[in-house]
Amino acid sequence: MTAIADSGTEAAVALLVGTLTHADPVVRGHAALALGARRDTRAIPELIGMVVAGAHDVEAAETLGALARDHDLDDRIAAAFAQELGRGTVSLDTRLRLTQALAELRGPVTHDLLLTLADDPDRRVALTAMAVARTAAPTAARARRTRRWGASPDEPK
């Protein structure tokens, strides 16, 4: 997959996009990581699925973070994580992976989801969420000020 992605041709990208629907989750995952490395947002749903499933979840989370920064998609990705967390009974491992993946995102939706996860019945999830929220809080507050009043006073205009 990497060789295909590295070719950079439209045909190679089209092949990778088509591979996102492959029956084998390993093949889909490699395609999503290759597309994500090219900053192609079509990889996002599969990357989220990789975090949920625990398949190369750290690499998938880092790729999602890069896509979020490049395309201002933090809120969209965090909302997708929230949707995954809202699907009935979510395993402890999945909640922990999603909480850890939120460390790659910024913004008010991320921060609010972290605050919700800080009340998780499992201590590991709750403590991880609190730690991540504490490090992301200045960015989230800055994002809220920017939306409300324009540029933040501590950022260049």
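Those helices (runs of 4 or more DSSP H) of region 1-69 in which 2 or more residues are modelled with pLDDT of 95 or more and within 19 Å of ALA103 (Cα to Cα) occupy 25-37, 44-53.
Look at (1) closer than 24 Å to ALA12 by Cβ; (2) surrounded by fewer than 19 Cβ atoms within 10 Å (Cβ to Cβ) and you find that LEU47 fails only one, number (2). Scanning region 36-56 for residues that are among the acidic types (Asp, Glu) and under 20 Å from LEU85 (Cβ atoms) yields a single hit, GLU46.
Please determine, by comparing only the residues of region 83-98 that are hydrophobic (A, V, I, L, M, F, W, C) and in a helix (DSSP H, G or I), which one is nearest to GLY49 (Cα to Cα). Explain how you work it out, then say what you get.
Step one: list which residues in region 83-98 are hydrophobic (A, V, I, L, M, F, W, C), which gives 85, 90, 92, 96, 98.
Narrowing further to those that are in a helix (DSSP H, G or I): 85, 92, 96, 98.
Numbers: LEU85: 12, LEU92: 16, LEU96: 14, LEU98: 10 Å.
Checking each candidate, the answer is LEU98.
The values are calculated or read from the model by the stated rules, or taken from the named source; none is laboratory data. From a predicted model like this one, the values you see are computed outputs, not experimental measurements. Cβ sites come from the backbone with ideal geometry, for glycine too, and all protein chains shown count toward neighbours.
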